[in-house]
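Report on one structure; see the data block that follows.
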Amino acid sequence: IDVSDWSSVQSTVDDIAEKFGGINYVVNNAAMKVSGTILDVSSETFERLLRVNALGFWNVAKAALPHLIKSHGTLIDVCSGTSESLPSNTDAYFGSKGTTYSLTHALAASFGDKVAIRGIAPGPVDTPLWREGKPPEVIEQMLAGNLGPKVEIPDTIAKDIVYLASMNNANMNGKILRL
């Protein structure tokens with residue numbers, strides 16, 4: 001679904017809850033990326049990034065929270081924009097994804113007594129989105145650990161998400177696991 005479209009998100013989440021008798025866990029993770037600096041990316045493109053990366057994140061949390069409150073469930077946010085040393089030419093992406101970090105903390109403050117809210121900030125993950133715009137030789141060097149920060153694989157992130165979901169620790173509420 002288009003996570004920037006509230007009615008689509010709400011109806012999909014409600015349909016899932018009805019089909020499965022509720023919702024216990026939600027992993028809030030959707031993004032689009034555009035490379036370039038603020039001087040390269042149009043305001044219209046940045047607005048689209050905000051609609052997916054920030055508003056989409058909001059919409060999923062907003063639709064899921066009533067169901068998670070009923071089940072005393074867990075919301076796990078996949079966050080970005082938490083570092084002071086971001087790669088160049090990612091202004092629009094991280095400008096739009098920074099919301100994920102702050103919203104995780106805000107939701108934990110508002111709903112932490114009813115829902116477990118946690119985040120994970122994995123850094124670069126080997127996905128088609130991450131590979132976009134990178135020459136094959138750069139990808140090879142980065143995957144080998146010879147250039148830039150460690151690049152995670154999706155399976156590792158999935159295991160970390162399962163770990164966060166399985167935790168029964170109130171002290172982790174609102175915390176973001178940084179990898």
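Residues in the range 28-50 that are more than 19 Å from A63 (Cβ to Cβ), open to solvent by 90 Å² or more (accessible area, probe 1.4 Å) and not β-branched (V, I, T): L39, D40, S43, E44, E47, R48. Among the residues making up the range 109-133, a single one is farther than 26 Å from L65 by Cα, among the charged types (D, E, K, R) and open to solvent by less than 50 Å² (accessible area, probe 1.4 Å): D126. Is there a residue in the range 160-174 that is exposed (fewer than 13 other Cβ atoms within 10 Å of the Cβ) and either closer than 23 Å to V34 by Cβ or among the basic types (K, R) (or both)? Checking the range 160-174: not a single residue is exposed (fewer than 13 other Cβ atoms within 10 Å of the Cβ) and either closer than 23 Å to V34 by Cβ or among the basic types (K, R) (or both).
Listed here are the strands (runs of 3 or more DSSP E) enclosed by the range 65-179 that have at least 1 residues being in contact with a strand residue (DSSP E or B) (Cβ under 9 Å, 6 or more places away or on another chain) and over 25 Å from I16 (Cβ atoms): 116-121, 176-178. With respect to (1) out of contact with any Gly (no Cβ under 7 Å at 6 or more places or on another chain); (2) open to solvent by 60 Å² or more (accessible area, probe 1.4 Å), the lone exception for Y25 is condition (1). Does V151 satisfy the criteria of being of a type in the set (A, V, I, L, M, F, W, C) and either more than 19 Å from S35 (Cα to Cα) or touching a residue at least 12 places away in the same chain (Cβ under 8 Å) (or both)? Considered against the rule, which asks whether it is of a type in the set (A, V, I, L, M, F, W, C) and either more than 19 Å from S35 (Cα to Cα) or touching a residue at least 12 places away in the same chain (Cβ under 8 Å) (or both), V151 comes out as yes. Each residue in the range 26-48 was checked for being at pLDDT below 95 and in a helix (DSSP H, G or I), and 0 of them qualify.
The values are calculated or read from the model by the stated rules, or taken from the named source; none is laboratory data. The shown structure was predicted, so the numbers you read here are calculated from the model rather than taken from an experiment. FYI the Cβ positions are ideal-geometry reconstructions off the backbone, even for glycines, and counts take in every protein chain you see. Just the protein is used for accessible areas: all its heavy atoms, side chains included, with ligands, DNA and RNA removed. Shrake-Rupley method; radii C 1.70, N 1.55, O 1.52, S 1.80 Å.
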